[in-house]
Amino acid sequence: MTADLTPPALTVDDLRVRFDYPRPAVSGISLSVDRGEILALVGESGSGKTITAQAAIGLLPAAAHASGSVKVDGIEVLDATEPQLRALRGNRVAMVFQEPQTALNPSQTVGWQLRQALRAHRRVTRTQARRRAVELLTLVEIDEPEVRVDQYPHQLSGGQKQRVVIALALANDPVLLLADEPTTALDVSVQQEILGLLRRLRDRTRAGILLITHNLGVVADIADRVVVVQLGEVVETGDVHEIFARPTQPYTRQLLAAVPRLPDGLDDDPISDTCAPTITDVTEQPVLTVENVTVTHPGRLGSPPRTALDAVSLSIGRGEVVGVVGESGSGKTTLGRAMGGLVPARAGRILIDGEDIATLSRTRLRELRRKLAFVPQDPSASLDPRFTVAESIREPLEIQDIGTRAQRDTRVAELLSAVALPRPFADRLPHELSGGQRQRVALARALSADPELLIADEPTSALDVSVQARVLDLFADLQEEFGFAAVFISHDLAVVERVADRVVVLRGGRVVETGDARTVLTVPTDPYTKALVDAVPYPDPVVQRRSRVTA
């Protein structure tokens, strides 16, 4: 019996990457990915995960100084020339990006983009390229591939766009796929579909997959082995079942403990009682009331108008946290924007403290809007990069002409303390902060004018599990201290169950179920809600894979 001399899809040996900073980005990482294997690389932001993937595809920044060895299909990458790297990329190694919306060219059809990927490495006629494009769309299980090949990205759903990104990566039959957070931006049901697709593609193509993710539920669902990294070093490595069942390192145990989990039933104790806000008094007039609100968006490129919200009704009591969940296109973000008066309602009413915002003068509406504040999904995009932390927090007070300069400075200091940021951070710029620190600044900024209602749209989806846990604890502490009400919009059902008093489930712009968060998300009555709950990956490979088989 002859030995298999086929090299691994990826071999990383003592990789070290240094920039002009005191601490290296990668300090001696070693790992390998066999063909047909899925290796999960997990760790917090700044642990070196993405830098390792960039080294594997020859895309390290120009300022990086790398040493060690990185081989793809037995070919050394670190000292390869640019022509060698161009031949390697797409042909032997390809990347599946986190955000398909930015990975695809909005001005070109899906078929054109697939043809370009094919022609980069082989001579094909237009007819052959189209035939192969349809084959690739069929391989990634897109419905009606002959139709989709002629469509533009904006005509596809989020899940379909991610399938196109995977098809582009598979165009030239690479031996290695680098999947960098491929499901973070997706809803749980679409995420479940993409994970199933990656498993099937691995079995069909025998490509090795290096999966970079902070979602340990995804790791439990799909990975064969796990490498845990911290501050550029490998902390622990092993079989996925061993890592989850018997982690040996404190850092690994910390990551696993930070993962929010949906309880198994109504009798289960909450993960943390301190994370469940209490309603101060729902007998008072609600902070905000939505009455039979319908919102339509104009059609694009000659298509008819689309109904984003259809006769939606709900109310938010003072000090209450209401979670809003549903798939992409369900109307979650539109509902949040309509509550703030940023999107006009075609029918129905939105009342702030009992006043219909559609009938108010601009002056009165501006006054009422002071009672509302928004917490964005990505604080790095919402914070002015030129403003220091103190200036960002103080800006809403200056815009609304609240207090004297001394009073504003005092308020900034109070909020920095409330979000557990040291006073010296006031003089830092956003790029000098970590993701969790920027989200703390966004919370402080939102609370600066003492709002009665906070509208948080996916405020933790881009954060690592341990950072997310700290931000959720902080959110609960702030909510208890300041007593604001909140709308918490998220596709992460476990996070919503952890922070919300009530939950509203949207589908196609309509409310399909609402009620106590624990009840709705553990014993749902609507089939759609049950499907969402069943799609949530559980951070235990034994439980997750058993549920997948029996589903």
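Read-outs throughout are calculated quantities, based only on the coordinates presented, and are distinct from any laboratory measurement. Predicted model only: the values in this text are computed from it and were never measured. Quick reminder, even Gly has a Cβ in these numbers, built from the backbone with ideal geometry, and neighbours come from all protein chains shown.
The table below gives the values:
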| read-out | value |
| --- | --- |
| C-alpha long axis of helix 188-205 to longest principal axis of the chain, angle in ° | 0 |
| Degrees separating the helix 158-170 axis from the principal Cα axis of the chain, which is the longest one | 20 |
| Surface/4 estimate of mean projected area, convex hull on alpha-carbon atoms of segment 1-143, nm² | 12.0 |
| Three-way shape label, segment 81-127, alpha-carbon gyration tensor, a/c 1.5 | oblate |
| Candidate lysines for bridging to LYS49, where Cα separation is under 20 Å - those fewer than 8 sequence places away on the same chain excluded | LYS71 |
| Inter-centroid distance (Cα atoms) of segment 5-39 relative to segment 372-449, Å | 38 |
| Leading residue at positive end of dipole, the chain (Cβ point charges), from GLN439, ALA358, LEU368 | ALA358 |
| Pair GLU432, ASP173: separation of 7 Å Cα→Cβ label points (nm) | 5.4 |
| DSSP beta bridges in segment 10-257 [antiparallel fraction, %, rounded to 5] | 55 |
| Equivalent ellipsoid, segment 10-257 (semi-axes from 5 times Cα gyration tensor eigenvalues, Å) | 31, 22, 15 |
| Partners for LYS161 among lysines (Cα-Cα distance below 21 Å; same-chain residues under 8 apart left out) | LYS332 |
| DSSP-defined antiparallel bridges as percent of all bridges, the chain, nearest 5 | 55 |
| Estimated inter-spin distance, ASP143 and THR525, nm [label 7 Å along Cα→Cβ] | 2.9 |
| Cβ-derived FRET efficiency at R0 45 Å, GLN128 paired with GLU284, nearest 0.05 | 0.05 |
| Estimated FRET transfer efficiency (ARG246, VAL543; beta-carbon r; R0 22 Å; 0.05) | 0.90 |
| Whether segment 360-463 is rounded, prolate or oblate, judged on the alpha carbon gyration tensor where a/c under 1.5 counts as rounded | oblate |
| Over segment 1-89, relative contact order from alpha-carbon pairs under 8 Å, at least 6 apart, % | 34 |
| Relative contact order, percent, the chain [alpha-carbon distance under 8 Å, six or more residues apart] | 17 |
| Helix 405-418 vs. the chain, principal-axis angle (Cα, 0 to 90°, nearest 10) | 60 |
| Order of LEU5, LEU211, LEU397 - criterion: other Cβ atoms within 10 Å of each residue's Cβ, fewest first | LEU5, LEU397, LEU211 |
| Extended-chain gain in nm, criterion 0.36 nm per residue less alpha-carbon gap, SER67 and SER313 | 82.6 nm |
| Given charges at Cβ of Lys, Arg, Asp, Glu: the chain dipole, positive-most of GLY58, GLN98, GLY340 | GLY58 |
| Label-point separation, ASP516 to GLU481 (7 Å along Cα→Cβ), nm | 3.0 |
| Model label zone, ARG23; criterion: amide N under 15 Å from point 7 Å along Cα-to-beta-carbon; scope segment 467-490 | 467 |
| Value at 222 nm in deg cm²/dmol, rounded to 500, when DSSP H runs of n ≥ 4 in the chain each add -39,500 (n - 2.57) | -11000 deg cm²/dmol |
